[in-house]
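Reading through the structure tokens given below for one structure.
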Amino acid sequence: MFVIKKECSALQEMDPVELERGQQQSEADIAEGRPVLYIQTRSRWGELLTYLMAERFQVTVEHISDITTHQQNSYRAGYNFVTAQYIDRTFGAGACQSVEDAVDWFRYYHYRLHFHPEENNPLRDF
């Protein structure tokens with residue numbers, strides 16, 4: 001996903017202490033039945049992402065700012081990595097990716113609708 005994959009693939013660049021702290025907190029929250037993803041979601045696609053994660057996986061998406069510290073990024077990357085693994089482990093391989101794909105589809109057609117309104121677009125009546 002635009003955020004989850006980026007954060008997960010960049011784990012080696014993170015603050016190891018905060019990365020581990022985020023992973024441990026995610027595991028604790030999952031054990032208590034409160035999985036969360038930290039993602040910048042202030043947009044129409046963010047609303048869809050938040051809805052799909054809650055509806056399909058009972059995962060809360062918490063909006064984060066793009067103004068952040070290296071330590072906060074590290075913590076959230078570790079946290080999100082564990083949560084994404086939990087989603088796939090619990091709901092089947094590719095479950096997290098299925099939401100990412102749906103949001104990517106929505107974003108593509110939403111932008112096309114805005115910038116190319118003359119085109120036939122499946123979101124025209126959305």
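The values are calculated or read from the model by the stated rules, or taken from the named source; none is laboratory data. This structure is a prediction, so every number in the text was calculated from the model and none was measured. Every residue, glycine as well, gets a Cβ built from its backbone with ideal geometry; the counts of neighbours run over all protein chains shown.
The figures follow:
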{"read-out": "Test result for N80, assigned to a helix (DSSP H, G or I), at pLDDT below 95 and surrounded by 16 or more Cβ atoms within 10 Å (Cβ to Cβ)", "value": "no"}
{"read-out": "Residues satisfying the stated conditions in region 41-77, i.e. at pLDDT 90 or above, in a loop (DSSP other than H, G, I, E, B) and either hydrophobic (A, V, I, L, M, F, W, C) or within 15 Å of E100 (Cα to Cα) (or both)", "value": "V59, I64"}
{"read-out": "Residue in region 86-95 that is part of a loop (DSSP other than H, G, I, E, B), more than 30 Å from P16 (Cβ to Cβ) and at pLDDT 95 or above present", "value": "yes"}
{"read-out": "Residue list for region 26-40, filter: under 17 Å from the mean Cα position of the chain (by Cα) and assigned to a helix (DSSP H, G or I)", "value": "S26, E27, D29, I30"}
{"read-out": "I67 being under 28 Å from V17 (Cα atoms), crowded, with 18+ Cβ neighbours inside 10 Å and not hydroxyl-bearing (S, T, Y)", "value": "no"}
{"read-out": "Number of positions in region 20-40 that are closer than 14 Å to Y75 by Cα, buried (at least 19 other Cβ atoms within 10 Å of the Cβ) and at pLDDT 95 or above", "value": "5"}
